[in-house]
Amino acid sequence: MSFEIGDSFKIADRETFKYNCKAQSDFIIKRFSESGLSVYYDDNRTNKKCRCYACKGSEVEKCIGISNIELVSKRLQRERNLKLELLGI
């Protein structure tokens with residue numbers, strides 16, 4: 001599966017984290033690492049209910065491996081849904 005900048009994803013429930021992630025938020029891919037094995041995203045949540053590796057820390061820009069994320073929607077689909085929502089359709 002190929003990912004693009006602007007795609008929406010959720011953190012996958014993997015056993016690689018000490019605590020399984022309880023984050024139900026959708027995040028947007030901001031950029032890729034040089035190796036292409038990780039993605040960077042902004043985590044603007046203020047009330048974090050999870051203590052997994054991906055959620056802890058106070059920095060806004062975070063990085064996570066591609067193997068630990070699940071695609072929610074592609075960039076074009078997300079943009080289309082936002083435009084339809086603005087039009088009230």
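The values are calculated or read from the model by the stated rules, or taken from the named source; none is laboratory data. Predicted model only: the values in this text are computed from it and were never measured. Methodologically, a virtual Cβ is constructed for each residue, glycine included, from the backbone with ideal geometry; neighbour enumeration extends over all protein chains shown.
Considering only segment 56-73, how many residues are surrounded by 11 or more Cβ atoms within 10 Å (Cβ to Cβ) and more than 12 Å from the chain's Cα centre (by Cα)? Residues meeting the conditions: 1.
May I ask you to list the residues in segment 6-36 that are acidic (Asp, Glu) and at pLDDT below 75?
Result: 13, 15.
On the stretch given as segment 34-49, residues that are surrounded by fewer than 15 Cβ atoms within 10 Å (Cβ to Cβ) and touching a helix residue (DSSP H, G or I) at 6+ places or on another chain (Cβ under 7 Å) total 1.
Within segment 37-89, restricting attention to residues that are among the aliphatic types (A, V, I, L, M) and at pLDDT below 85, the residue that is nearest to residue 8 (Cα to Cα) is 54. Answer yes if at least one residue in segment 43-59 is part of a strand (DSSP E or B), touching a residue at least 24 places away in the same chain (Cβ under 8 Å) and either within 16 Å of residue 5 (Cα to Cα) or not hydrophobic (A, V, I, L, M, F, W, C) (or both), and no otherwise. Among the residues of segment 43-59, not one is part of a strand (DSSP E or B), touching a residue at least 24 places away in the same chain (Cβ under 8 Å) and either within 16 Å of residue 5 (Cα to Cα) or not hydrophobic (A, V, I, L, M, F, W, C) (or both), which makes the answer no.
State the number of residues belonging to segment 60-89 that are among the β-branched types (Val, Ile, Thr) and either over 15 Å from residue 24 (Cα atoms) or part of a loop (DSSP other than H, G, I, E, B) (or both). Result for segment 60-89: 4.
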